[in-house]
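Asks: Input: one structure, supplied below.
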Amino acid sequence: MSLISVSLRIIVTILHAALPVYIFIQMFKADNPLEVILGGFFLLAALYLYGLVTALLYSGPAAASLIDFLLYPRRFLKKAPPILSHQQGLIARRRFEEAELELLKVRQNHKGSPEITLMLANLHALEFHDLESALNDCLFYFKHRPWRYNELNLPIVLRYADWQIQLGRPEEALSLLEKEAKIFFYPQGEKKTLRARAESLRQQFAKE
C-alpha cells in the first residue's frame, strides 16, 4: 500500500467523521427535547454511514476501487492525442521510411506522447526488425512522459519488457517492471499486472 493511498484513506476518514461530530455538537446546543431526539436520529444515521465508508476504505478490492477513483479521474486527465492519421496511412501503404521520418518530426513537439511512441516503436520492431531502436523509443518516452495516468503507458512498458527478453536481457525487463510497479499513477489493477509479469520473470530466473 503506497503512502499516497494511505494518506487518502486517512483524509477521507477524517472528513467523513466531521459530520457525526457536528451533529453531536448541535444536540448539546438544542433548546428542546424534539431537537435532541431528531439530532440523535441523524447522529445514528451519520455514524452508520461513517462505519460503511470506513469499512470500504480499508477492505481490499473496494478500497482499491475508491482510491483509483480519487487518484485517477480519467475524464479530467484526458488530453487529445496528436493526429497521426497521415503517418498511419503511410504505414498502411508500406512507406515505412517516410512514416518514420514523419513520426520523428512530430515527436519533437510531443516528446511525451504515448501514441507516437507506440506507433514508432512498433514500426521499428515489426517493420524494420530493429528492436534496439524500438527500445530507445520507449526509453525516450519514459524520460519525457507526463507524470499522470495514461492508458497506453502499460502497453509501452510491457512491450519494452518483451523486447528486452527477445534480445536476451531479461534482467533489464525485470528491473523496469519492478520500478514501474512502484509508480503512484498506476491504478491497482495495472500494478498487479506489472507485479505478476515481474514475478513470472523471477520464476524463470529461478528455474535456470
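The values are calculated or read from the model by the stated rules, or taken from the named source; none is laboratory data. Remember, it's a predicted structure, so these values are computed and weren't measured experimentally. With ideal geometry, Cβ positions are generated from the backbone for all residues, glycine too; neighbour counts draw on all protein chains shown. Calculation scope for accessible area: heavy atoms of the full protein, side chains included, ligands and nucleic acids excluded. Shrake-Rupley method; radii C 1.70, N 1.55, O 1.52, S 1.80 Å.
Asks: Taking segment 140-191 as the search range and keeping residues that are of a type in the set (S, T, N, Q) and part of a helix (DSSP H, G or I), which one is nearest to Ile116 (Cα to Cα)? Outline the logic, then answer.
Replies: First, the residues of segment 140-191 that are of a type in the set (S, T, N, Q): 150, 153, 164, 166, 175, 188.
Those still in the list that are part of a helix (DSSP H, G or I) too: 153, 164, 166, 175, 188.
Values: Asn153: 12, Gln164: 20, Gln166: 23, Ser175: 24, Gln188: 26 Å.
Of everything passing the filter in segment 140-191, Asn153 is nearest to Ile116 (Cα to Cα).
Asks: Read through the list (1) touching a residue at least 24 places away in the same chain (Cβ under 8 Å); (2) in a helix (DSSP H, G or I); (3) under 26 Å from Leu84 (Cβ atoms); (4) open to solvent by less than 20 Å² (accessible area, probe 1.4 Å), then give the number of the only condition that Leu194 fails.
Replies: Leu194 satisfies every listed condition except (3).
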